[in-house]
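Asks: First the structure, then my questions, so here it is.
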Amino acid sequence: MAKINPNYQKLPGSYLFSEIARRTAAYTNEHPDAKLIKMGIGDVTQPLVPEVIRAMHEAVEEMSHKETFHGYGPEQGYAFLREAIVRRDFEARGVDIAADEIFVSDGAKSDCGNIGDIFSVDNVVAVCDPVYPVYVDTNAMAGRAGDYDAEKQGWTRIHYMPTTAENGFSPAIPEGKVDLIYLCSPNNPTGTVLSYEQLKAWVDYANANDAVILFDAAYERFIVEDDVPHSIYEVEGARTCAIEFRSFSKTAGFTGARCGYTVVPKDLIRDGASLNAMWNRRQTTKFNGASYIIQKGAAAIYTEQGEKEINATLNYYRANARVIAESLTKCGLTVYGAVNSPYIWVKTPDGMGSWEFFTLLLEQGNVITTPGAGFGPSGEGYIRITAFGDADATKEAMRRIEALLTCEK
Ligand code: MLT
């Protein structure tokens, strides 16, 4: 008899964004005329920029001729993209990362989940609370999370680090020993960032304890403040303790095109093994590389014109973030994030529960948000709103919420 992976049986309910989609669909079934505005999942709405489209068209053309056709590419990504990444994302910021430490992929979500393949099931995993659910769920699938405790809304073997307004959204360094530490800055879901000093404390902890930091920098291009690190490798000592994930999804509208990359420095050794060599072994075995056409499109964002164009799109989303933060603040709500991030983390009014406020906004305002409790127990009492919407729809959503909360105009 084929035996299934029993860890899947332990997973609670469905993946957060599937649950939101389910509840939204149930509402629209009952109210087919409702004009819903989506501010839930962080999915982009603006098209790929012209320079990316031009590069993709060229690549399609190349694929149509025998002389320029591309079959399997390098599993690690084409040199043209890896080298462009090194120049713009690392060298230009004075960071020492080589092209063979970059692994191009079909996105940060897959890599954040797949990275677990190279780590033992015995590791103790630390995550921020609230947290991007992919880190927790993928560790649970691998058997690294223990059992789900429905009352505590958490896993028995996961070390949850409250990351809340009370501690300035900076998780405390564990007193005991943890082995794998997920950090995300700019943070999903809170929209807040970690400073150089805060990251340095984590790097020192990881090096002292032979831990590995899994640093998710998917929202890096949203950083506008000067004193915020863009990469963990800007912090001294990170090459010996950190893996970094980057994504083109939010940077350049690739949520549908799918492309990102992971950095595994060659100095990162655990149990005498090179994690760079292990990840290379994993990728060459299980992955045949991101598509040539998509990588050509991704490389176009590293050209002068491409960068100018994606910056215009990023500014469009930043303007939405300001509209949301200003409108909700005017309504007397407490908001976090929105400055170096497309996410606005909003305290619910009058101590309402996250799902309760989510339902109120869905049913009374026809606005879809994400309940903070879905990101972990410390997310209770918050909702997350994304700035990735259409600008007019964002303004309309804010008008509806202002009317609903009857705030001063
Ligand atoms: C989110 O809404 O948290 C993200 O869009 C999900 C993702 O990037 O996978």
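The values are calculated or read from the model by the stated rules, or taken from the named source; none is laboratory data. Everything numeric in this text was worked out from a predicted model, so none of it was measured. Quick reminder, even Gly has a Cβ in these numbers, built from the backbone with ideal geometry, and neighbours come from all protein chains shown. These area figures cover heavy atoms from the full protein model, side chains too; ligands, DNA and RNA do not enter into them. Shrake-Rupley method; radii C 1.70, N 1.55, O 1.52, S 1.80 Å.
Asks: Within segment 178-216, how many residues are open to solvent by 10 Å² or more (accessible area, probe 1.4 Å) and either on the phi > 0 side of the Ramachandran plot or modelled with pLDDT under 95 (or both)?
Replies: Of the residues in segment 178-216, 1 are open to solvent by 10 Å² or more (accessible area, probe 1.4 Å) and either on the phi > 0 side of the Ramachandran plot or modelled with pLDDT under 95 (or both).
Asks: What are the residues in segment 202-244 that are touching a residue at least 60 places away in the same chain (Cβ under 8 Å), within 16 Å of G94 (Cα to Cα) and among the β-branched types (V, I, T), if any?
Replies: Of everything in segment 202-244, just one residue is touching a residue at least 60 places away in the same chain (Cβ under 8 Å), within 16 Å of G94 (Cα to Cα) and among the β-branched types (V, I, T), namely V228.
Asks: Select from segment 171-189 the residues that are touching a residue at least 24 places away in the same chain (Cβ under 8 Å) and of a type in the set (D, E, K, R) and list them in ascending order.
Replies: Scanning segment 171-189 gives K177, D179.
Asks: Please specify each residue of segment 236-246 satisfying the condition of being aliphatic (A, V, I, L, M) and either part of a helix (DSSP H, G or I) or open to solvent by 10 Å² or more (accessible area, probe 1.4 Å) (or both).
Replies: A238, the sole residue that qualifies.
Asks: Hey, another quick one. Here are some residues: T369, T329, T334. Which one is closer than 19 Å to G42 by Cα and either within 15 Å of the ligand (Cβ to nearest atom) or open to solvent by 10 Å² or more (accessible area, probe 1.4 Å) (or both)?
Replies: T369
Asks: For segment 164-201, which positions are in a strand (DSSP E or B) and more than 16 Å from the ligand (Cβ to nearest atom)?
Replies: L180, I181
Asks: Oh, and also: Within segment 100-136, how many residues turn out to be within 15 Å of the ligand (Cβ to nearest atom), in a helix (DSSP H, G or I) and open to solvent by 40 Å² or more (accessible area, probe 1.4 Å)?
Replies: 2
Asks: Condition first: in contact with a Lys or Arg (Cβ under 9 Å, 6 or more places away or on another chain) and hydrophobic (A, V, I, L, M, F, W, C). Now tell me which residues in segment 1-16 satisfy that.
Replies: Correct list: empty.
Asks: Checking K347 against (1) more than 16 Å from the ligand (Cβ to nearest atom); (2) over 14 Å from T190 (Cα atoms): exactly one of these is not met. Which one?
Replies: Condition not satisfied by K347: (2).
Asks: Out of the residues in segment 247-267 that are part of a loop (DSSP other than H, G, I, E, B) and in contact with a strand residue (DSSP E or B) (Cβ under 8 Å, 6 or more places away or on another chain), which is farthest from the ligand (Cβ to nearest atom)? Give the steps one after another, and end with the answer.
Replies: First pass over segment 247-267, keeping only residues part of a loop (DSSP other than H, G, I, E, B): 248, 253-259, 264-267.
Still in the running and in contact with a strand residue (DSSP E or B) (Cβ under 8 Å, 6 or more places away or on another chain): 248, 254, 259, 264-266.
Values: F248: 12, F254: 11, C259: 13, V264: 21, P265: 24, K266: 28 Å.
Checked segment 247-267; the qualifying residue farthest from the ligand (Cβ to nearest atom) is K266.
Asks: Among the residues of segment 307-324, are any in contact with a strand residue (DSSP E or B) (Cβ under 7 Å, 6 or more places away or on another chain), more than 30 Å from R87 (Cβ to Cβ) and open to solvent by less than 20 Å² (accessible area, probe 1.4 Å)?
Replies: Among the residues of segment 307-324, at least one is in contact with a strand residue (DSSP E or B) (Cβ under 7 Å, 6 or more places away or on another chain), more than 30 Å from R87 (Cβ to Cβ) and open to solvent by less than 20 Å² (accessible area, probe 1.4 Å), which makes the answer yes.
Asks: One residue is enough: does segment 24-34 have a residue meeting the conditions in contact (Cβ under 8 Å) with a residue 60 or more places away in the chain and among the charged types (D, E, K, R)?
Replies: No.
Asks: Something else now. When the residues of segment 363-391 are filtered to those that are farther than 14 Å from E19 by Cα and part of a helix (DSSP H, G or I), which remaining residue is farthest from the chain's Cα centre (by Cα)?
Replies: Q364
Asks: Starting from residues that are open to solvent by 30 Å² or more (accessible area, probe 1.4 Å) and free of Cβ contacts under 8 Å to residues at least 60 places away in the same chain, keep the ones in segment 137-154 and report whichever is nearest to the ligand (Cβ to nearest atom). Give the steps one after another, and end with the answer.
Replies: Keep residues of segment 137-154 that are open to solvent by 30 Å² or more (accessible area, probe 1.4 Å), which gives 137-138, 141-142, 147-153.
Narrowing further to those that are free of Cβ contacts under 8 Å to residues at least 60 places away in the same chain: 138, 149, 151.
Details: T138: 12, D149: 24, E151: 25 Å.
Going through the qualifying residues, I end up with T138.
Asks: Right, next: Out of the helices (runs of 4 or more DSSP H) lying entirely within segment 1-96, which hold 3 or more residues that are in contact with a helix residue (DSSP H, G or I) (Cβ under 9 Å, 6 or more places away or on another chain), open to solvent by less than 70 Å² (accessible area, probe 1.4 Å) and within 16 Å of the ligand (Cβ to nearest atom)?
Replies: Per the criteria, 16-30.
Asks: Another question about this same structure. In segment 218-234, is there at least one residue being among the charged types (D, E, K, R), closer than 29 Å to F17 by Cα, in contact with a Cys (Cβ under 8 Å, 6 or more places away or on another chain) and within 16 Å of the ligand (Cβ to nearest atom)?
Replies: Applying the first criterion (among the charged types (D, E, K, R)) to segment 218-234 yields 220-221, 225-227, 234.
From the residues that got through so far, the ones that are closer than 29 Å to F17 by Cα too are 220-221.
So of that shortlist, the ones also in contact with a Cys (Cβ under 8 Å, 6 or more places away or on another chain) come out as none.
Taking every residue of segment 218-234 in turn, none turns out to be among the charged types (D, E, K, R), closer than 29 Å to F17 by Cα, in contact with a Cys (Cβ under 8 Å, 6 or more places away or on another chain) and within 16 Å of the ligand (Cβ to nearest atom).
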